[in-house]
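The values are calculated or read from the model by the stated rules, or taken from the named source; none is laboratory data. Just so it is clear, the model here is predicted, and its values are computed rather than measured. Positions of Cβ are backbone-derived with ideal geometry, glycine not excepted, and every protein chain shown enters the neighbour counts. Accessible surface areas use protein heavy atoms only, side chains included; no ligands, DNA or RNA. Shrake-Rupley method; radii C 1.70, N 1.55, O 1.52, S 1.80 Å.
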Amino acid sequence: MPKRLPEWLKVKAPKAGVYDEVNEYLKTMGLNTVCKSASCPNIGECFSKKTAAFMILGNTCTRNCGFCGVYSGKPDPLDKNEPYRVAVAAAKMKLKYVVVTSVTRDDLSDGGAKQFADTIDAIKREIPDARVEVLIPDFKGDFDALKTVLDAKPFVLNHNIETVPRLYPIARSMANYQRSIKLLETAKAINPSIYTKSGLMVGLGESDEEIIQALTDLRNVGCDIVTIGQYLSPSKNNIEVMEFIHPDKFEYYRIKGMEMGFKYIASGPFVRSSYHASEIIP
């Protein structure tokens, strides 16, 4: 296992000022972000630019994925006022492109789909010209729940496959690769005008051939956009990094994917699902 971070994976600590202002404001509003909950390495840059990826449905996940730093346990009851607070915060931060993700809520009958839809609607009321990207869980394959989200007309519907099928038992033991692929296929079938997006982590021990096959699977169901980034273990309780992937390999994946016909691929060590999301589609 690699012990030291290579030079291309070292980041500067965030500066005080705007970062602290955004952090304190979101705390005051009682809002969660995947930036903090999942220990994203880009948090300093994003908060300093007054951007964030809002995380709805609370801060406790009903699943316990091996790669993820979000707390797992019994969630609190659904907060009906959360969509409005997200919308107000997005307006206060003067966001024109709003990213909304969530924990997985298998305890809810619709997996939290209505909360997603309500959040999209609330943002559009507060910021009529905003584009909204949602990063959704798999809803346990409930396509009625998926349709609830799509009917609110997000600009981008994102669902991450995260890794290659062989590594699901250690990385996503409560998920299913084919179910995630089917969700993306169904989303495109329900509303072809909504961009679909997915993401992959590398450095878990996957092969080049497995990554290319995963990209092929995504393209075969009409996925438009893919993000590929380096897995970094958020804690000693999560699965270990097997390899730090060189930037040249990320470029190789990007070129291969673009040759398949994706509209855009963001591929690099620090790329995450919502990183620079507003810059992907003009």
Subset of segment 114-145 (residues that are touching a Phe, Trp or Tyr at 6+ places or on another chain (Cβ under 6 Å) and either open to solvent by 10 Å² or more (accessible area, probe 1.4 Å) or assigned to a helix (DSSP H, G or I) (or both)): 122, 131, 145
Failed item in (1) open to solvent by less than 40 Å² (accessible area, probe 1.4 Å); (2) modelled with pLDDT of 90 or more, with residue 66 passing the rest: (2)
For residue 172: the one exception among (1) modelled with pLDDT of 95 or more; (2) in contact with a helix residue (DSSP H, G or I) (Cβ under 9 Å, 6 or more places away or on another chain); (3) not aliphatic (A, V, I, L, M): (1)
Checklist (1) under 17 Å from residue 133 (Cα atoms); (2) of a type outside the set (Asp, Glu); (3) within 16 Å of the chain's Cα centre (by Cα); (4) open to solvent by 20 Å² or more (accessible area, probe 1.4 Å) applied to residue 263, failing item: (3)
Scope segment 223-267; condition in contact with a strand residue (DSSP E or B) (Cβ under 7 Å, 6 or more places away or on another chain), closer than 26 Å to residue 95 by Cβ and in a loop (DSSP other than H, G, I, E, B); matching residues: 223, 224, 262, 263
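Hey, can you tell me all the residues within segment 242-264 that are aliphatic (A, V, I, L, M) and at pLDDT 95 or above?
Pass one, segment 242-264, residues aliphatic (A, V, I, L, M): 242, 245, 255, 258, 260.
Matches in segment 242-264: 245, 255, 258, 260.
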Filter result for residue 179 (more than 19 Å from residue 112 (Cβ to Cβ) and surrounded by fewer than 22 Cβ atoms within 10 Å (Cβ to Cβ)): no
Restricting segment 268-282 to residues that are within 15 Å of the chain's Cα centre (by Cα) and part of a helix (DSSP H, G or I), the residue that is farthest from residue 216 (Cα to Cα): 278
Residue pairs meeting the criteria (Cβ under 8 Å; at least 6 apart or on separate chains; first farther than 19 Å from residue 157 by Cβ, in segment 92-107; second among the small types (Gly, Ala, Ser) and open to solvent by less than 20 Å² (accessible area, probe 1.4 Å)): 93/52
Qualifying residue in segment 78-99 (condition: over 25 Å from residue 229 (Cβ atoms), out of contact with any strand residue (DSSP E or B) (no Cβ under 9 Å at 6 or more places or on another chain) and crowded, with 24+ Cβ neighbours inside 10 Å): no
Filtered residue count, segment 13-24, keeping only those that are in contact with a helix residue (DSSP H, G or I) (Cβ under 7 Å, 6 or more places away or on another chain) and either of a type in the set (Ser, Thr, Tyr) or at pLDDT 65 or above (or both): 3
Within segment 84-117, tally of residues that are within 25 Å of residue 65 (Cα to Cα) and aromatic (Phe, Trp, Tyr): 1
Selected residue [within 18 Å of residue 164 (Cα to Cα) and open to solvent by 40 Å² or more (accessible area, probe 1.4 Å)] from 220, 237: 220
